[in-house]
Amino acid sequence: MRKRVIRAGEIEIEDSEGRVRARFGISNEDLPFMSFFGADDKLRARFGVQPDGSAGLAVADDEGKVRATFGLFSDGSASMAMVDRNGKVRAKFGLGTEGSPTLALRNKDGQLGFVYSLAQQGSPTISLQDEDGKVRARIGLAAEGSPILRLLNKEGELRAIMGLTADGTPVMQFLDAKGEPEWTVPSSFSPSHDVPGETPKPSGPKARERG
């Protein structure tokens, strides 16, 4: 059976009233795309490929505003984002390049407020951000299952630690502005050694938690 091939720079699909409802073609940058339109001629969905090989899908509301996106990037990471009517991303779910999932929630101004993630080894972590997007609290489980809560100041400096050691012993530690232990119970507690999965961090003003 002989193959039949249609070659064109762009193809449009019309409805019974002659309105373009779908368009498949090549953009001015020579990138392939597929667009779908509502009965009001407004763009409702678009799928395309970017120059770096990443691919994405954008879905718009009845006003033509993008409200949801899904993308797979060239580095192997993927993300799905939900946008409000003001164009602010309010929720985002994604996978990092190593496959670690993350869920992030933002307020009405688009500022990050909550992050839930799983480390590559499967340890869950929840981070809470202030109005400036800075991490102020982080709670999670070490690889061995020991829970730990970390509290940070506005500069991102660790000031308090609460949790359980591997053998179930409750611990609490307050740190001064230089990152040095100020008060500890039990007194022998050392977060870099007693809490499984925690790595030693340098003390002092430069010892900051990353968001």
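Annotation: extensible slack from residue 97 through residue 41 equals 16.4 nm (criterion: 0.36 nm per residue apart, minus Cα-Cα distance).
Kindly provide log₁₀ I(q)/I(0) values, in the same order as q = 0.10, 0.26 Å⁻¹, from the Debye equation applied to equal alpha-carbon scatterers of segment 95-179. Scattering profile of segment 95-179, log10 relative to I(0): -0.29, -1.20. Along the axis of the charge dipole computed for the chain (Cβ charges of +1 for Lys and Arg, -1 for Asp and Glu, origin at the Cα centre), the listed residues 55, 127, 110 are led at the positive end by 55. For segment 17-176, the solvent-accessible area with a 1.4 angstrom probe is 57 square angstrom per residue. Share of the chain's accessible area from carbon and sulfur, percent, 1.4 Å? Roughly 56 percent, rounded to a whole number. Distant-in-sequence amide contacts of residue 159, defined by a placed amide H-H separation under 5 Å and a gap of 5 or more residues or a different chain, comprise 151, 152, 153.
For the chain, the Cβ-based charge dipole about the Cα centre amounts to some 440 debye (Lys, Arg positive; Asp, Glu negative; other atoms uncharged). Distance from the C-alpha centroid of segment 93-137 to that of segment 1-64: 34 Å, rounded to the whole angstrom.
Here's the picture: a label point sits 7 Å out from the Cα of residue 49 along the beta-carbon direction, and within segment 71-93 the residues with their amide nitrogen under 14 Å of it are 72-74.
By average Cβ neighbour count within 10 Å, what is the ranking of 153-165, 15-27 from highest down?
153-165, 15-27
Taking every Cα-Cα distance in segment 42-102 and sorting them into 5 Å bins starting at zero, the pair-distance distribution P(r) comes out as 4, 19, 23, 23, 18, 10, 3, 0 percent. Summing charges over all other residues whose Cβ lies under 15 Å from the Cβ of residue 51, with Lys and Arg as +1 and Asp and Glu as -1, gives -4. Shape analysis of the chain yields a ratio of the Cα radius of gyration to the Kirkwood radius, Rg/Rh, of 1.18. Taking every Cα-Cα distance in segment 1-102 and sorting them into 10 Å bins from zero, the calculated P(r) comes out as 14, 34, 33, 15, 4, 0 percent.
Determine the order of 52, 130 by accessible area, beginning with the largest, at a probe radius of 1.4 Å.
On the way: 52 95, 130 20 Å².
Most to least solvent-accessible, the answer reads 52, 130.
Using 1/(1 + (r/R0)^6) with R0 = 25 angstrom and r between the beta carbons of residue 72 and residue 20, what's the FRET efficiency to the nearest 0.05?
On the way: r = 28 Å, r/R0 = 1.10.
Step by step, r from the Cβ atoms, then E = 0.35.
Seen from residue 151, the other residues with C-beta closer than 9 Å to its C-beta sum to a net charge of +4, counting Lys and Arg as +1 and Asp and Glu as -1.
Summing charges over neighbours of residue 18, with a neighbour being any other residue whose Cβ is under 12 Å away from its Cβ, gives -3 when K and R count +1 and D and E count -1. Rounded to two decimals, the Cα-based Rg/Rh of segment 1-54, with Kirkwood Rh, is 1.06. The phi-based Karplus calculation (6.51 cos²θ - 1.76 cosθ + 1.60; θ = phi - 60°) puts the 3J(HN,Hα) values of segment 160-172 at 8, 10, 9, x, 10, 7, 4, 8, x, 6, x, 9, 8 Hz, whole numbers, x for Gly and Pro. Helix-only mean residue ellipticity at 222 nm, the chain, DSSP H runs n ≥ 4 weighted -39,500 (n - 2.57), per residue, nearest 500. What is it? -500 deg cm²/dmol, from helical runs alone. Between residue 149 and residue 162, residue separation times 0.36 nm minus the direct Cα-Cα distance comes to 4.2 nm.
The values are calculated or read from the model by the stated rules, or taken from the named source; none is laboratory data. A quick note: this is a predicted structure, and the numbers were derived from the prediction, not measured. We place every Cβ from the backbone using ideal geometry, glycine too, and count neighbours over all the protein chains shown. These accessible areas exclude ligands, DNA and RNA; they are computed on the full protein's heavy atoms, side chains included. Shrake-Rupley method; radii C 1.70, N 1.55, O 1.52, S 1.80 Å.
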